[in-house]
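Scroll down for the structure; my scribbles are underneath it.
The values are calculated or read from the model by the stated rules, or taken from the named source; none is laboratory data. No experiment lies behind these values; they were computed from the predicted model shown. Please note: Cβ atoms are built from the backbone with ideal geometry, for glycine as well, and neighbour counts cover all protein chains shown. What goes into the accessible areas is simple: the full protein's heavy atoms, side chains included, and nothing from ligands, DNA or RNA. Shrake-Rupley method; radii C 1.70, N 1.55, O 1.52, S 1.80 Å.
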Amino acid sequence: MTVTVIKNASFVVGWDAEHNRHTYIQGGDVAFENGEIVFVGRGYQGPADETIDGAGRMVMPGLVNIHSHPASEPLNKGFLDELGSPALYNSSLYEYMTILRPEPEAVADCVRVAYSELLLSGVTTLTDMSGAHPDWFDLAAQSGLRVCMSPMFRSASWGTRNGHVVEYEWDEKAGEKAMEQALDLIEKAQAHPSGRLSGMVSPSQIDTCTPDLIRDSHAEAKRRGLPWQIHAAQSTVEFHEITRRHGLSPIQWLESLGVLGDTSIVGHGIFLDDYSRTGWHSRKDLTILAESGTSVAHCPTVFMRRGIALKDFGRYRRAGVNIGLGTDTYPHNMLEEMRHVAYVARLMAESPRTLTTTDLFEAATVGGARALLRDDIGRLAPGCKADLVLVDVTHPMMQPVRDPVRSLIYAAAERAVDTVFVDGRKVVEEGRVLTFDYEEAALRLSEAQRWTEELAPSRDYANRPVSAYSPLTFPLA
């Protein structure tokens, strides 16, 4: 087997097992063989078939993204940047995202663009929450990413016929069949010869799934030893819909179904019972999340666009909630997402002390790994997967480099990401994706978006052109 050694790196973000935390190692070495890390520290003396000069580089663990929708979101750039339904609490879920969706022919390029952006921003493990599509397995394997495939299923679709009332169209049998198909896909992912595909059980949204589908899917995930994730507490509309149906907040209703716990992830988890917009009477959702061990997938960027924010990251962490991060929208840039996490939390808390960069980096690495029920990713330690990122600390935007992780998150972002390895295989080199033609896929996506814009009026209850609700920044001369 080939042993690769990164020698004398300016910084290594290693793992201190004794104190259960990341630590800086200056002048450090990292060695890996057959997709597994075999040494992290100084003064490596073992065999080396390939040696990489680490001077001017920071070696850090690959980032873990626990919530993403690559099959659709890249097409929304330019459509949804400042768009939300005013009579639906500024959410774009119910009126616009049902209209502005890619045609099947465009899905593969959506995925290529999203996967490329993720790799370029240092992501090595991705939870891909998509509807099943024909190229999914091939694209996931080709990308070089470690992909947790999470085919979504539900009992109802949502929509609006007037812009202020959300209606649900139920088909319980279709939801049950879709869950069976999702479980079959997960089995195929786990058996994939790449060894990098895994699965997660994901009933789509708390308001589009029957109680039986939620309970049964959670039980099946437990039986198979898989993580389970559901979108919940993600909008004001959803909060009021669940309280209307059940007299409980979304988090309390999930607790009553017995589906919260340390194998469960709540996607977003913003609208708790103490959130000011909900006006609810109880104050126990945060405690329920913490005491049950449930993780939260936090993705601030998509909500920032609507004037919505989690209240706040630091408060959840102090309560004992495990938080992982995701890129719920375009761009699929995990480092920008991390920056937004920090700034939005401090804004909501009205304090710069509500979270540290340590908290933030842990959420993007070991917090996400914990949510995915893994202890072999998100850290650099012997026995862990050889998923690692080399950052160019000589890049001007990394200077001064007193604290390279801060410089990366708050300034340089993906511009300083030089090389990415997943499972010991190089997938990014000198800031270019090796597994896809990112530029070509992005160009094809522009043509696909024009086709979506032409079709949108036929999908809209009011037959509006896209320009009526999402005009260009400036009028065409």
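Could you grab me the full set of residues in the range 423-437 that are out of contact with any Gly (no Cβ under 8 Å at 6 or more places or on another chain), touching a residue at least 24 places away in the same chain (Cβ under 8 Å) and surrounded by fewer than 17 Cβ atoms within 10 Å (Cβ to Cβ)?
Step one: filter the range 423-437 for residues out of contact with any Gly (no Cβ under 8 Å at 6 or more places or on another chain), giving 426, 428-433, 436-437.
Those left that are additionally touching a residue at least 24 places away in the same chain (Cβ under 8 Å): 428, 431, 433, 436-437.
Scanning the range 423-437 gives 431, 437.
Could you check, for the range 152-174, whether at least one of its residues is farther than 30 Å from residue 244 by Cβ, in a helix (DSSP H, G or I) and open to solvent by 20 Å² or more (accessible area, probe 1.4 Å)? Give the steps one after another, and end with the answer.
Initially, the range 152-174 is screened for residues farther than 30 Å from residue 244 by Cβ, giving none.
No.
Being on the phi > 0 side of the Ramachandran plot, aliphatic (A, V, I, L, M) and surrounded by fewer than 24 Cβ atoms within 10 Å (Cβ to Cβ): is that true of residue 347 here? Break it down into steps so the answer makes sense when it comes.
On the way: on the phi > 0 side of the Ramachandran plot: no; aliphatic (A, V, I, L, M): yes; surrounded by fewer than 24 Cβ atoms within 10 Å (Cβ to Cβ): yes.
The answer is no for residue 347.
Could you tell me whether residue 341 is buried (at least 24 other Cβ atoms within 10 Å of the Cβ), over 27 Å from residue 113 (Cβ atoms) and at pLDDT 95 or above? It would help to see each step written out before you state the result.
On the way: buried (at least 24 other Cβ atoms within 10 Å of the Cβ): yes; over 27 Å from residue 113 (Cβ atoms): no; at pLDDT 95 or above: yes.
Criteria not met by residue 341.
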Of the residues in the range 231-243, those that are closer than 12 Å to residue 272 by Cβ and outside any helix (DSSP H, G or I) come to 232, 233, 234
Subset tally (residues that are at pLDDT below 95 and either touching a Gly at 6+ places or on another chain (Cβ under 6 Å) or hydrophobic (A, V, I, L, M, F, W, C) (or both)) for the range 109-161: 1
Kindly provide the set of residues from the range 99-124 that are among the β-branched types (Val, Ile, Thr) and touching a Pro at 6+ places or on another chain (Cβ under 9 Å), ordered by number. 99, 107, 111, 113, 124
Scanning the range 385-418 for residues that are without any contact (Cβ under 8 Å) to a residue 60 or more places away in the chain and open to solvent by 60 Å² or more (accessible area, probe 1.4 Å), the one nearest to residue 2 (Cα to Cα) turns out to be 415
Filter the range 177-195 for residues that are surrounded by 14 or more Cβ atoms within 10 Å (Cβ to Cβ), touching a Gly at 6+ places or on another chain (Cβ under 8 Å) and not β-branched (Val, Ile, Thr) and give the result. 185, 189, 190
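Taking the conditions exactly as written (within 30 Å of residue 262 (Cα to Cα) and open to solvent by 10 Å² or more (accessible area, probe 1.4 Å)), does residue 368 satisfy them or not?
On the way: within 30 Å of residue 262 (Cα to Cα): yes; open to solvent by 10 Å² or more (accessible area, probe 1.4 Å): no.
Here the answer is no, as residue 368 does not meet what is asked.
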Is one or more of the residues making up the range 296-304 more than 23 Å from residue 62 (Cα to Cα) and in a loop (DSSP other than H, G, I, E, B)? no
Among 216, 207, which is the only one that is closer than 29 Å to residue 298 by Cβ, outside any loop (DSSP other than H, G, I, E, B) and either in contact with a helix residue (DSSP H, G or I) (Cβ under 8 Å, 6 or more places away or on another chain) or open to solvent by less than 20 Å² (accessible area, probe 1.4 Å) (or both)? 216
Would you mention how many residues in the range 244-259 are over 18 Å from residue 289 (Cα atoms) and assigned to a helix (DSSP H, G or I)? 3
Among the residues that make up the range 330-338, is at least one of them over 23 Å from residue 59 (Cα atoms), touching a Ser or Thr at 6+ places or on another chain (Cβ under 6 Å) and either crowded, with 17+ Cβ neighbours inside 10 Å or hydroxyl-bearing (Ser, Thr, Tyr) (or both)? no
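Can you tell me which residues in the range 275-295 are open to solvent by less than 30 Å² (accessible area, probe 1.4 Å) and within 27 Å of residue 65 (Cβ to Cβ)? Talk me through it step by step, then tell me what you get.
Quick first cut of the range 275-295, residues open to solvent by less than 30 Å² (accessible area, probe 1.4 Å) only: 275, 278, 282, 285-286, 288-290, 293-295.
Correct list: 275, 285, 286, 288, 289, 290, 293, 294, 295.
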The lone exception for residue 23 - which of (1) touching a Lys or Arg at 6+ places or on another chain (Cβ under 7 Å); (2) closer than 23 Å to residue 367 by Cα; (3) free of Cβ contacts under 8 Å to residues at least 60 places away in the same chain; (4) not charged (D, E, K, R) it fails: (1)
List pairs: first in the range 359-384 and closer than 22 Å to residue 340 by Cα, second hydroxyl-bearing (Ser, Thr, Tyr) and part of a helix (DSSP H, G or I), Cβ under 7 Å, 6+ apart or cross-chain? 378/365
Hits in the range 227-274 - residues which are of a type in the set (A, V, I, L, M), surrounded by fewer than 24 Cβ atoms within 10 Å (Cβ to Cβ) and touching a residue at least 60 places away in the same chain (Cβ under 8 Å): 237
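Select from the range 305-342 the residues that are among the aromatic types (Phe, Trp, Tyr) and either within 10 Å of residue 360 (Cα to Cα) or not in a loop (DSSP other than H, G, I, E, B) (or both) and list them in ascending order.
In the first step, residues of the range 305-342 are kept if they are among the aromatic types (Phe, Trp, Tyr); the result is 313, 316, 330.
313, 316, listed by residue number.
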Reported set for the range 30-63 where residues are under 14 Å from residue 15 (Cβ atoms) and in contact with a helix residue (DSSP H, G or I) (Cβ under 9 Å, 6 or more places away or on another chain) is 60, 61, 62
Is it true that residue 42 is at pLDDT 95 or above and in contact with a Leu (Cβ under 8 Å, 6 or more places away or on another chain)? no
Of all strands (runs of 3 or more DSSP E) fully inside the range 36-122, the set with 2 or more residues that are crowded, with 17+ Cβ neighbours inside 10 Å is 36-41, 57-61, 63-68
